[in-house]
Structure formats: structure tokens, C-alpha cells
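Engineer: There's a structure below that I have some questions on.
The values are calculated or read from the model by the stated rules, or taken from the named source; none is laboratory data. Owing to the predicted nature of the structure, the values given are computational and were not obtained by experimental measurement. Note: ideal-geometry Cβ built from the backbone for every residue, glycine included; neighbour counts use all protein chains shown.
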Amino acid sequence: MIEAAIRKGVYGMIITDHDNVMGGLVGKKAARKYRNFRVIPGAEISSQSGHILAIGIETDVPKRLSVEETVERIHDLGGIAIASHPFSRRVRPSLREECLKTDGIEVFNATNRGLANVQAVSLARTNGRPATAGSDSHWVRTVGKAGIICDDPLNDIRRGQTRLFGTYASLWRMRVFNFRQLASALVNRPIWK
């Protein structure tokens, strides 16, 4: 993933595996051998109401807590809480308006379709909330499809001082990804990179 990001001209990444910080910690360690590349660890926490990105944490947060409890645990660990794809139709449940209880809102997710992102942008703007973007990449082909440009992600996201970029993952890539996920689940191991 790191090498794919570097090939695409990205200088850092936030790694947030589902409900586990291990991938981010491994990525942070692996990034040390790449000059001028930074990995910030975290996790995508499954709260009772939907996914919350815990950025900048190095300890797991329990899943299935309320949004408020999840955000509090993330803050206790020194991280920030970002509502992940709050209006997604492919991920259930989705936070929807409860995303206002987090520190910021992912307004562009490369794997969402347009309406879900438009709803997130509208809610963030209406309520003056910091906005982020992300690839939601689960494989190398979609690394760097979307993200933020800033100097200090943790502080700049909090202050709403990031620039966003992004393009959508193609429907074909999403179908291939969904097939990969199903096939991997059937054999209980990853089968492609």
C-alpha cells in the first residue's frame, strides 16, 4: 500500500483497518524506510450507529459503543474522530446526522456514489464542520483515489484547514472488489492483492 501511494505521488497515508489498529502500526513501522513518507495509524470503528475513523490512535477502541462513547474513547487515546461515509447506501448502518457528534465529516469517499457524498458535503457546510476525503482503499489499485492535503493532519483536520482531492473508484473496480471480498470470505483468507 505504501509503495502504491508513493508511485501515485502521495507523501503519507492514514491507515484505518476495521476495528483494529494493527495495520496502521505495521504501516507506521514500514514507512520508516521510505524517506519523506508518513503513516498515521488509526482504526475504522464500528459504532452502534455507523463507522467512525479514529485517526492518530495506537490502541484499539471497542466496537458497538454509542457514537458519544466511541468519540470519547478516541479522544482519551489522543486521536480525532471523523464520521466515515455518513450517508453511504452500501454500508449499514450509516451515521447520517449523528456524524455531527464527531470532530469532522468525510465528505468525499471514493467508493461512495455521488448522492451520498453530496449529502455529507451539505451537512458539513450547513453546520460548519471540518471536512475530509478518503480513498476507503482496501487494495492497492484504489490507493490515493481521494484524500487531504495539509501539513499536520491531526491539527489541520480539527481546524478545518485541509484541501481535499478525489475521484471516484470505477463501478468496475468496485464490482471486482466486492467479488474479491466474497471469494476471500468463502476461503477465509485473502486471495488477491
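Engineer: Looking at GLU44, GLU3, which is the one that is of a type in the set (D, E, K, R) and crowded, with 17+ Cβ neighbours inside 10 Å?
Structural biologist: So the residue among GLU44, GLU3 that is of a type in the set (D, E, K, R) and crowded, with 17+ Cβ neighbours inside 10 Å is GLU44.
Engineer: Among the residues of the range 108-122, which ones are crowded, with 20+ Cβ neighbours inside 10 Å and either part of a loop (DSSP other than H, G, I, E, B) or within 11 Å of the chain's Cα centre (by Cα) (or both)?
Structural biologist: Hits for the range 108-122 are PHE108, ASN109, ALA110, THR111, ASN112.
Engineer: The conditions are (1) part of a loop (DSSP other than H, G, I, E, B); (2) free of Cβ contacts under 8 Å to residues at least 24 places away in the same chain, and GLU72 fails exactly one of them. Which is it?
Structural biologist: The number of the failed condition is (1).
Engineer: Further question on the same structure: Contact list please: Cβ distance under 6 Å, first residue in the range 131-155 and without any contact (Cβ under 8 Å) to a residue 60 or more places away in the chain and farther than 18 Å from ALA116 by Cβ, second residue part of a strand (DSSP E or B) and of a type outside the set (A, V, I, L, M), pairs at least six apart or on different chains.
Structural biologist: As it stands, the answer is ILE148/THR132; ILE149/ARG163, since those pairs meet every condition given.
Engineer: Is it the case, given these coordinates, that TYR11 is surrounded by fewer than 24 Cβ atoms within 10 Å (Cβ to Cβ), within 21 Å of ARG163 (Cα to Cα), among the aromatic types (Phe, Trp, Tyr) and touching a residue at least 12 places away in the same chain (Cβ under 8 Å)?
Structural biologist: On the way: surrounded by fewer than 24 Cβ atoms within 10 Å (Cβ to Cβ): yes; within 21 Å of ARG163 (Cα to Cα): yes; among the aromatic types (Phe, Trp, Tyr): yes; touching a residue at least 12 places away in the same chain (Cβ under 8 Å): yes.
For TYR11, the condition - surrounded by fewer than 24 Cβ atoms within 10 Å (Cβ to Cβ), within 21 Å of ARG163 (Cα to Cα), among the aromatic types (Phe, Trp, Tyr) and touching a residue at least 12 places away in the same chain (Cβ under 8 Å) - is met.
Engineer: Quick check on the range 61-82: of everything there that is of a type in the set (A, V, I, L, M) and crowded, with 21+ Cβ neighbours inside 10 Å, which residue is farthest from ILE14 (Cα to Cα)?
Structural biologist: Checking each candidate, the answer is VAL67.
Engineer: Another question, then. Hey, can you tell me all the residues within the range 140-165 that are in a loop (DSSP other than H, G, I, E, B), surrounded by fewer than 20 Cβ atoms within 10 Å (Cβ to Cβ) and touching a Lys or Arg at 6+ places or on another chain (Cβ under 9 Å)?
Structural biologist: Result: CYS150, GLY160.
Engineer: Read through the list (1) closer than 21 Å to PRO62 by Cα; (2) in a strand (DSSP E or B); (3) free of Cβ contacts under 8 Å to residues at least 60 places away in the same chain, then give the number of the only condition that GLY78 fails.
Structural biologist: Checking GLY78 against (1) closer than 21 Å to PRO62 by Cα; (2) in a strand (DSSP E or B); (3) free of Cβ contacts under 8 Å to residues at least 60 places away in the same chain, the one that fails is (2).
Engineer: Checking the conditions here, which among ARG129, ARG125, ARG92 is exposed (fewer than 14 other Cβ atoms within 10 Å of the Cβ), modelled with pLDDT of 85 or more, in a loop (DSSP other than H, G, I, E, B) and of a type outside the set (Phe, Trp, Tyr)?
Structural biologist: ARG92
Engineer: Same structure, new question: For the range 1-57, what are the residues that are closer than 19 Å to GLY144 by Cα, within 12 Å of the chain's Cα centre (by Cα), assigned to a strand (DSSP E or B) and not aliphatic (A, V, I, L, M)?
Structural biologist: Passing the criteria: THR16, ASP17, HIS18, PRO41, GLY42, GLU44.
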